[in-house]
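J.: Below: one structure in structure tokens.
The values are calculated or read from the model by the stated rules, or taken from the named source; none is laboratory data. Small disclaimer: the values here were computed from a predicted structure and weren't measured. Cβ: placed from backbone, ideal geometry, glycine included. Neighbour counts: every protein chain shown. In case anyone asks, the SASA skips ligands and DNA or RNA and just uses the protein heavy atoms, side chains included. Shrake-Rupley method; radii C 1.70, N 1.55, O 1.52, S 1.80 Å.
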Amino acid sequence: MSNTSEVFEDVLSEIEAFSSQAVNFHALQEFSVRTIAENLHHYNWVGFYMLDPEDPETLVLGPFQGAPTEHLRIPVTQGVCGAAVAQGETVIIEDVSSDPRYLACSLETKSEIVVPIRANGNIVGEIDIDSHILDAFGPADQQFLEACAVTFGRFLENTAR
Ligand code: SME
């Protein structure tokens with residue numbers, strides 16, 4: 001792996017391959033957060049928040065890699081995580097200290113990207129990444145994570161049948 005775009009391609013291929021034989025969504029989530037965090041060194045916290053089927057106005061922390069967070073449940077009206085669901089699109093925060101929506105997870109976090117996951121056209125959750133680097137996330141990160149989100153959504157669509 002020599003440059004970041006090759007790393008993105010390789011990690012996406014690994015996630016796609018794993019998804020074709022994963023026993024369940026939890027296994028795919030565990031594999032994905034581990035593979036993403038191990039290979040992308042500016043991704044210091046990588047985790048899933050999924051909408052609670054019993055309370056679809058609330059996101060629930062799923063598998064993650066990185067420092068433990070106190071934000072186990074986030075209402076969709078709060079945080080950058082809530083904003084991505086409310087807006088129905090990827091949210092990139094270049095400098096978390098200047099965004100009033102930001103819910104602090106670690107004092108070291110400087111920037112964040114949150115990408116919604118859709119299944120059958122509906123948002124079912126999201127993947128959330130924090131970086132210790134300011135303005136760490138650009139269009140290539142967004143494209144990579146949105147492709148991962150498509151894989152997660154397809155897995156859910158196929159297993160829900
Ligand atoms: N920063 C998020 C909260 C989750 S932590 O980053 C793990 C937010 O503002 O919603």
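J.: Could you count how many residues in the stretch 67-84 are more than 10 Å from the ligand (Cβ to nearest atom) and out of contact with any helix residue (DSSP H, G or I) (no Cβ under 9 Å at 6 or more places or on another chain)?
T.: So the count comes out to 1.
J.: For the stretch 137-161, enumerate the residues that are among the aromatic types (F, W, Y) and either open to solvent by 40 Å² or more (accessible area, probe 1.4 Å) or within 17 Å of A83 (Cβ to Cβ) (or both).
T.: F137
J.: Please tell me if L134 is assigned to a loop (DSSP other than H, G, I, E, B), surrounded by fewer than 14 Cβ atoms within 10 Å (Cβ to Cβ) and in contact (Cβ under 8 Å) with a residue 40 or more places away in the chain.
T.: The answer is yes for L134.
J.: Something else now. Determine if the stretch 90-101 includes at least one residue that is within 20 Å of A37 (Cβ to Cβ), in contact (Cβ under 8 Å) with a residue 60 or more places away in the chain and within 11 Å of the ligand (Cβ to nearest atom).
T.: no
J.: Further question on the same structure: Go through (1) surrounded by fewer than 19 Cβ atoms within 10 Å (Cβ to Cβ); (2) farther than 19 Å from F144 by Cβ for P63 and report which single condition fails.
T.: (2)
Let's see how each residue does on (1) open to solvent by less than 40 Å² (accessible area, probe 1.4 Å); (2) of a type outside the set (A, V, I, L, M); (3) at positive phi:
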position: A27; (1), (2), (3): yes, no, no
position: R34; (1), (2), (3): no, yes, no
position: F48; (1), (2), (3): yes, yes, no
position: P53; (1), (2), (3): no, yes, no
position: E70; (1), (2), (3): no, yes, no
position: I74; (1), (2), (3): yes, no, no
position: V85; (1), (2), (3): yes, no, no
position: I92; (1), (2), (3): no, no, no
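J.: When you look at R118, is it within 10 Å of the ligand (Cβ to nearest atom) and open to solvent by 40 Å² or more (accessible area, probe 1.4 Å), yes or no?
T.: no
J.: With the condition being modelled with pLDDT under 95 and under 21 Å from F155 (Cβ atoms), I'd like the strands (runs of 3 or more DSSP E) fully within the stretch 8-108 carrying at least 1 qualifying residues.
T.: Result: 55-65.
J.: Which residue, of V114, V150, is farther than 14 Å from G79 by Cβ and within 12 Å of the chain's Cα centre (by Cα)?
T.: V150
J.: When you look at T159, is it more than 23 Å from D10 (Cα to Cα), out of contact with any strand residue (DSSP E or B) (no Cβ under 8 Å at 6 or more places or on another chain), in a helix (DSSP H, G or I) and in contact (Cβ under 8 Å) with a residue 12 or more places away in the chain, yes or no?
T.: yes
J.: While we're here: Identify all residues within the stretch 36-46 that are open to solvent by 30 Å² or more (accessible area, probe 1.4 Å) and in contact (Cβ under 8 Å) with a residue 60 or more places away in the chain; write none if there are none.
T.: Hits for the stretch 36-46 are H42, N44.
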